[in-house]
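Enquirer: Once you've had a glance at the structure underneath, I'll fire off some questions.
The values are calculated or read from the model by the stated rules, or taken from the named source; none is laboratory data. Worth saying up front: this structure is predicted, and the values here are computed from it rather than measured. Please note: Cβ atoms are built from the backbone with ideal geometry, for glycine as well, and neighbour counts cover all protein chains shown. With ligands, DNA and RNA removed, areas are computed over all heavy atoms of the protein, side chains included. Shrake-Rupley method; radii C 1.70, N 1.55, O 1.52, S 1.80 Å.
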Amino acid sequence: VCNYSPTPTECNMADAALEDFLSRVNEHLPGLSRDKFSNDSWRYQDRPTSEGLGLKPGVSVDPEKVVACILDVEAYKENVKYVEEVTVTERGDNYVIYTQKVKLPVLGGLQFSIKLEDLGEINGYRVVGWNQDDALTEALDKKHGGARTEYNLGAWLVKPDEVAYALSAVPLKKDVGSLKYAVMTKGADATASSVLSDNIDAMIEWANRA
């Protein structure tokens with residue numbers, strides 16, 4: 001059961017970086033296939049990895065249940081692939097700040113602290129987005145959990161018949177060294193489609209069990 005009970009609003013205020021990211025996501029979302037899972041990626045400024053967006057259409061979900069699961073971060077380890085540890089720092093009415101440690105294919109261990117926000121309904125989707133808390137992420141120990149991320153933005157967009165997941169993140173170069181950094185950034189783009197698909201499938205399955 002998802003323990004968080006979201007209260008939808010018209011659109012809670014996100015920070016500027018997250019709003020800009022959502023604008024880019026919304027530019028690419030209409031062009032994705034509504035017949036089967038599809039994904040898209042694009043470069044933004046001079047960032048070393050592409051921003052990615054995956055969409056699974058033809059599903060049957062309760063958007064509020066999906067949002068509840070997304071915000072129930074304490075239960076990620078048991079329900080979401082790649083998650084190894086979650087520690088909550090602060091929880092408010094429509095947000096949670098937490099640290100997450102993951103282990104991804106090719107990339108290995110990564111850790112970050114983010115603020116995850118229920119942004120209400122936007123363009124017909126129930127939206128949950130996040131941005132990195134840079135100070136909390138910088139304070140993490142790379143020896144315990146892997147490389148920190150330099151930036152970490154993302155969003156879930158949910159309708160009764162489709163679920164989309166978007167992500168923009170990269171490891172902190174000083175945590176991994178130049179050679180591994182090159183491998184990790186190329187690997188992030190190469191594995192983006194499977195990571196997006198796996199996350200969407202896991203969240204749908206979790207919400208349907210709740």
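Enquirer: Evaluate the range 117-133: report whether one residue or more is in contact (Cβ under 8 Å) with a residue 60 or more places away in the chain and open to solvent by 70 Å² or more (accessible area, probe 1.4 Å).
Expert: Yes, some residue in the range 117-133 is in contact (Cβ under 8 Å) with a residue 60 or more places away in the chain and open to solvent by 70 Å² or more (accessible area, probe 1.4 Å).
Enquirer: Out of the residues in the range 98-109 that are touching an Asp or Glu at 6+ places or on another chain (Cβ under 9 Å) and crowded, with 20+ Cβ neighbours inside 10 Å, state the one that is modelled with the lowest pLDDT.
Expert: Within the range 98-109, the match that is modelled with the lowest pLDDT is V102.
Enquirer: Let me ask you something else. Among the residues of the range 35-73, count how many are loosely packed, with under 15 Cβ neighbours inside 10 Å and of a type outside the set (F, W, Y).
Expert: Step one: filter the range 35-73 for residues loosely packed, with under 15 Cβ neighbours inside 10 Å, giving 35-36, 42-47, 58, 60, 62.
Narrowing the set further to residues that are of a type outside the set (F, W, Y) leaves 35-36, 43, 45-47, 58, 60, 62.
Adding up the residues that qualify gives 9.
Enquirer: Also, quick follow-up: Could you please let me know if G109 is in a strand (DSSP E or B), at positive phi and of a type outside the set (D, E, K, R)?
Expert: no
Rundown of residues vs (1) basic (K, R); (2) under 19 Å from the mean Cα position of the chain (by Cα); (3) modelled with pLDDT of 95 or more, yes/no style:
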position	(1), (2), (3)
E117	no, yes, yes
G124	no, no, yes
A169	no, yes, no
K180	yes, no, no
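Enquirer: I'd like to know if the range 76-97 contains one or more residues that are open to solvent by less than 10 Å² (accessible area, probe 1.4 Å) and of a type in the set (S, T, Y).
Expert: no
Enquirer: Does Y151 qualify as being surrounded by 19 or more Cβ atoms within 10 Å (Cβ to Cβ), touching a strand residue (DSSP E or B) at 6+ places or on another chain (Cβ under 8 Å) and part of a strand (DSSP E or B)? Step through it out loud before you land on a result.
Expert: Values: surrounded by 19 or more Cβ atoms within 10 Å (Cβ to Cβ): no; touching a strand residue (DSSP E or B) at 6+ places or on another chain (Cβ under 8 Å): yes; part of a strand (DSSP E or B): yes.
Against the criterion (surrounded by 19 or more Cβ atoms within 10 Å (Cβ to Cβ), touching a strand residue (DSSP E or B) at 6+ places or on another chain (Cβ under 8 Å) and part of a strand (DSSP E or B)), Y151 does not qualify.
Enquirer: Looking at the range 158-166, is at least one residue of a type in the set (K, R) and farther than 19 Å from E51 by Cβ?
Expert: Filtering the range 158-166 down to residues of a type in the set (K, R) leaves 159.
Going one step further and asking which of them are farther than 19 Å from E51 by Cβ, we end up with 159.
Yes, that holds for at least one residue.
Enquirer: Taking the range 140-181, which residues are small (G, A, S) and under 30 Å from S33 (Cα atoms)?
Expert: Of all residues in the range 140-181, those small (G, A, S) come to 145-147, 154-155, 164, 166, 168-169, 177-178.
Selection gives G154, A155, A164, A166, S168, A169.
Enquirer: For the structure I just gave you, tell me whether A135 is at pLDDT 95 or above, in contact with a Ser or Thr (Cβ under 9 Å, 6 or more places away or on another chain) and in a helix (DSSP H, G or I). Please lay out each step first, then the result.
Expert: Values: at pLDDT 95 or above: yes; in contact with a Ser or Thr (Cβ under 9 Å, 6 or more places away or on another chain): yes; in a helix (DSSP H, G or I): yes.
The answer is yes for A135.
Enquirer: Does any residue of the range 49-68 turn out to be among the polar types (S, T, N, Q), modelled with pLDDT of 95 or more, over 20 Å from L119 (Cα atoms) and not in a loop (DSSP other than H, G, I, E, B)? Working first, answer last.
Expert: First pass over the range 49-68, keeping only residues among the polar types (S, T, N, Q): 49-50, 60.
With modelled with pLDDT of 95 or more added as a condition, the list becomes 60.
Pick out the ones that are also over 20 Å from L119 (Cα atoms) and you get 60.
When the remaining residues are screened for being not in a loop (DSSP other than H, G, I, E, B), the result is none.
No: the range 49-68 contains no residue that is among the polar types (S, T, N, Q), modelled with pLDDT of 95 or more, over 20 Å from L119 (Cα atoms) and not in a loop (DSSP other than H, G, I, E, B).
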